[in-house]
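Before any comments, here is the structure.
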Amino acid sequence: MATQDMHTTVARFADLEPIDYSSFIKNYRPDGTQGYALIGKAGKTKPPIGGDHGFYMGINKVSPGKGAPLHSHPKPEVFVVLDGHWTFFWGENGENEVNLGPWDTISFPAQTNEGFRNIGDEEGHLLVVLSGSEIGKVTFTKNTQNTAEAQTAGASA
């Protein structure tokens, strides 16, 4: 690959556009959490690295005390803690949990109700990977605060 072509395969964090959640998650307003697509689609947000890689990869930037409510995906989701301290929770009502720190990894099987919270004192970052070339459908549990309508539209909406 020519040098100028390789530049199309580089994503610099400072240049990333925030994911527009409203383009694919109805009635969801993240509080203190912002996602950034690197590879693969997240609604109408165009990732900086194009092409179909067969997976979605992004970064979540999360304020202290904030996170994602209990939700599920029809495919596996993997988180790698880049920095900070986190609680990941899962189960019908989020009754299971584990605390993770830098470089720890957790993989949630498809259809698992899961969520996370930054339990540190500083902004934290997670690497997020899902199979398939887009985030796809996200389903929030009925007891999740941000979900007047429990299900979302597909990411290609």
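The values are calculated or read from the model by the stated rules, or taken from the named source; none is laboratory data. Since we're looking at a predicted model, the values are computed, not measured. Positions of Cβ are backbone-derived with ideal geometry, glycine not excepted, and every protein chain shown enters the neighbour counts.
Odds and ends about this structure:
- Test: residue in segment 90-97 that is in contact (Cβ under 8 Å) with a residue 40 or more places away in the chain, closer than 18 Å to Val138 by Cα and surrounded by 20 or more Cβ atoms within 10 Å (Cβ to Cβ): no
- Thr144 meets each of the listed conditions (1) modelled with pLDDT under 95; (2) in a strand (DSSP E or B) apart from (2).
- Qualifying residues in segment 115-141 (those that are over 13 Å from the mean Cα position of the chain (by Cα) and assigned to a loop (DSSP other than H, G, I, E, B)) - the one modelled with the lowest pLDDT: Thr141
- The condition of being in contact with a strand residue (DSSP E or B) (Cβ under 9 Å, 6 or more places away or on another chain), of a type in the set (D, E, K, R) and touching a residue at least 40 places away in the same chain (Cβ under 8 Å) holds for only one of Lys75, Lys46, that being Lys75.
- Some residue of segment 25-35 being farther than 26 Å from Lys142 by Cβ and not in a loop (DSSP other than H, G, I, E, B): no
- Qualifying positions in segment 17-43 - hydrophobic (A, V, I, L, M, F, W, C) and more than 16 Å from Val129 (Cβ to Cβ): Phe24, Ile25
- Residue check, Phe108 out of contact with any His (no Cβ under 9 Å at 6 or more places or on another chain), surrounded by 16 or more Cβ atoms within 10 Å (Cβ to Cβ) and hydrophobic (A, V, I, L, M, F, W, C): no
- Candidate set: segment 78-93, residues that are at pLDDT 95 or above and assigned to a loop (DSSP other than H, G, I, E, B); chosen: the one nearest to Ile119 (Cα to Cα): His85
- When Ile39 is tested against (1) modelled with pLDDT of 95 or more; (2) in contact with an Asp or Glu (Cβ under 9 Å, 6 or more places away or on another chain), exactly one condition is not met: (2).
- The listed residues are Lys75, Lys61, and the only one of them that is assigned to a loop (DSSP other than H, G, I, E, B), at pLDDT 90 or above and surrounded by 14 or more Cβ atoms within 10 Å (Cβ to Cβ) turns out to be Lys75.
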